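What follows is a short report on a single structure.
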Amino acid sequence: MLGNLARAGDPSLPPVASVPTVEIRFENHHFLPLHLEIPAGRQLQIHVVNASPERIEFESFKLNREKVVEPHQSINVTLKALPPGSYDFFDDFHEDVPEGEIVAR
Amino acid sequence: MPAQHRTICFGVILFLLGVGSPKCRAQVDPWEFEVYPYATTQRGMLELETDNAVVTRGHDTGGDGTAEGTFPSQGMWYNAYEVTYGLTDRIEVAAYLTMAEPSGRPYQWAGDKLRLRGRLFDEDVLPVNLGWYAEMEWHKTPDFDDASKEFELRPIAEKDVGAFSVLANPKFEKVLSGAGRDQGVEFGYVAGVYYRSTRALSPGLEFYGGMGLLDQTEPSSEQQHYLCPVLWGELPHGLEYNFGVGYGLTRGSDRVVIKFNVELERFVGAIFKGSPETSWFY
């Protein structure tokens, strides 16, 4: 079971079906969507798709997460149940990429 | 608290403080006032870091406080250059060059270190995120240490609670060559509590200590314990910093140590492919 949960390494992963998933795409030097709302208090998975030719680092300071995403690859970021609040996300490799926001309500 | 529990707690405190035990070494690494998190340097990333500390109120004789060798700690500058590379998604390798400038003496080589560090599973798969740390150290003796070669192991534990991160790195160190080679395993600790305020500036509180041998801790007054309020964050261009002032809590500690660590990481290319889906160790 633990093996199935330890999934970060594979460079391009489909989301885990059993965990509610939201998708964030990176293309044209932007994250889409830039603002998204999620339910507070529930485990969640963010499926980050890098549809661009650039290497990015998907990072969130407030969520304490950072992962490199190779061009045309995807990763999964699993989050435990979040309390209500606003959580940043950004590309740590490119300072000019607009920062996004995840709002847990 | 029941009387039986109070007795047990008192016993544990006495054990930890080493009341009545004979003198032996207490280990705090002044070249690296840093608490390690669960996360490792990502695969293909190269991190350059410099760790700096200066003892502004220390001891005037060698072998006391943070100085393990013949030079006194008072006025000593400790300076380490560290290169870390993310080997796999869960393991990093690092090499250190450690330098020092004792008061009134020239800036000079003090030793080297090689280290492997890893994380187990993905974030939050376990109730507490766990990792490991293994290090070989070489010291310039007798100037900066009385042991020329040491091996260190640390389990790493991290728990995020809201905006707080709690990190603990208990240290187990064995002298392989030089004074203390015939002794057992030394025990120390590195720990921290950090609050995530803003990316640029956040507060934290770090703890460093060395207590002597596992089976023969030093008298409490000769152990080293430091409380270190820190400010940490990320400056423009990805430059990360951690600045703090460490206050010694025992006679065996230096009274005041100021530390300043700076690091920068860049993607340079991965040697290995991504870890398999079923892996949890590498």
Query - Residue ranges of strands (runs of 3 or more DSSP E) in the range B:201-282 with at least 2 members hydrophobic (A, V, I, L, M, F, W, C) and within 14 Å of chain A (Cβ to nearest Cβ) - result: B:224-235, B:256-267
Query - Filter result (more than 9 Å from chain B (Cβ to nearest Cβ), over 22 Å from B:GLY44 (Cα atoms) and over 11 Å from the mean Cα position of the chain (by Cα)) within the range A:37-82 - result: A:GLU37, A:ILE38, A:PRO39, A:ALA40, A:GLY41, A:ARG42, A:ALA81, A:LEU82
Report summary line: Of the residues in the range B:249-275 that are surrounded by 14 or more Cβ atoms within 10 Å (Cβ to Cβ) and without any contact (Cβ under 8 Å) to a residue 60 or more places away in the chain, the one that is farthest from B:LEU130 (Cα to Cα) is B:ARG251
Requested in this report: Scan the range B:226-248 and give yes if some residue there is buried (at least 18 other Cβ atoms within 10 Å of the Cβ), among the aromatic types (Phe, Trp, Tyr) and under 30 Å from B:ASP89 (Cβ atoms), otherwise no.
Outcome: yes
Report task. Specify the residue that is nearest to B:ALA179 (Cα to Cα); the eligible residues are those in the range B:126-151 that are in contact with a Phe, Trp or Tyr (Cβ under 8 Å, 6 or more places away or on another chain) and within 14 Å of another protein chain (Cβ to nearest Cβ). Result -> B:GLY131
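When the range B:137-157 is examined, which residues are found to be in a loop (DSSP other than H, G, I, E, B) and touching a His at 6+ places or on another chain (Cβ under 9 Å)? Let's see the steps before the verdict.
Of the range B:137-157, the ones in a loop (DSSP other than H, G, I, E, B) are B:140-146.
Listed by number, the residues that qualify are B:ASP145, B:ASP146.
Does B:ALA134 satisfy the condition of being of a type outside the set (Val, Ile, Thr) and either buried (at least 19 other Cβ atoms within 10 Å of the Cβ) or at pLDDT below 95 (or both)?
No: the conditions fail for B:ALA134.
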Query raised in the report: Which of the residues spanning the range B:130-146 are touching a residue at least 60 places away in the same chain (Cβ under 8 Å), out of contact with any Leu (no Cβ under 8 Å at 6 or more places or on another chain) and of a type outside the set (Asp, Glu)?
Result: B:HIS139, B:LYS140, B:THR141, B:PRO142, B:PHE144
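Looking at the structure I just gave you, is B:GLU49 within 14 Å of another protein chain (Cβ to nearest Cβ), outside any loop (DSSP other than H, G, I, E, B), in contact with a Leu (Cβ under 9 Å, 6 or more places away or on another chain) and over 18 Å from B:VAL256 (Cβ atoms)? Working first, answer last.
Values: within 14 Å of another protein chain (Cβ to nearest Cβ): no; outside any loop (DSSP other than H, G, I, E, B): yes; in contact with a Leu (Cβ under 9 Å, 6 or more places away or on another chain): yes; over 18 Å from B:VAL256 (Cβ atoms): yes.
So B:GLU49 does not fit the description; no.
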Query raised in the report: Does at least one position in the range B:170-187 carry a residue that is assigned to a strand (DSSP E or B), within 14 Å of chain A (Cβ to nearest Cβ), at pLDDT below 95 and surrounded by fewer than 17 Cβ atoms within 10 Å (Cβ to Cβ)?
Result: no
Report task. Please go through the range B:188-200 and pick out each residue that is part of a loop (DSSP other than H, G, I, E, B) and of a type in the set (Gly, Ala, Ser). Result -> B:SER197, B:ALA200
Requested in this report: Being out of contact with any strand residue (DSSP E or B) (no Cβ under 9 Å at 6 or more places or on another chain) and farther than 30 Å from B:TYR85 by Cα is the filter here, so list the residues in the range B:221-271 that pass it.
Outcome: B:SER221, B:ARG251
**Report entry** Filtered residues of the range B:188-199 (kept if in contact (Cβ under 8 Å) with a residue 24 or more places away in the chain and either away from chain A (no Cβ under 14 Å) or not hydrophobic (A, V, I, L, M, F, W, C) (or both))
**Finding:** B:GLY188, B:VAL190, B:ALA191, B:GLY192, B:TYR194, B:TYR195, B:ARG196, B:SER197, B:THR198, B:ARG199
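The values are calculated or read from the model by the stated rules, or taken from the named source; none is laboratory data. Nothing here was measured: the structure is a model prediction, and the numbers come from that model. All Cβ positions, even for glycine, are placed from backbone atoms using ideal geometry, and neighbour counts span all protein chains on display.
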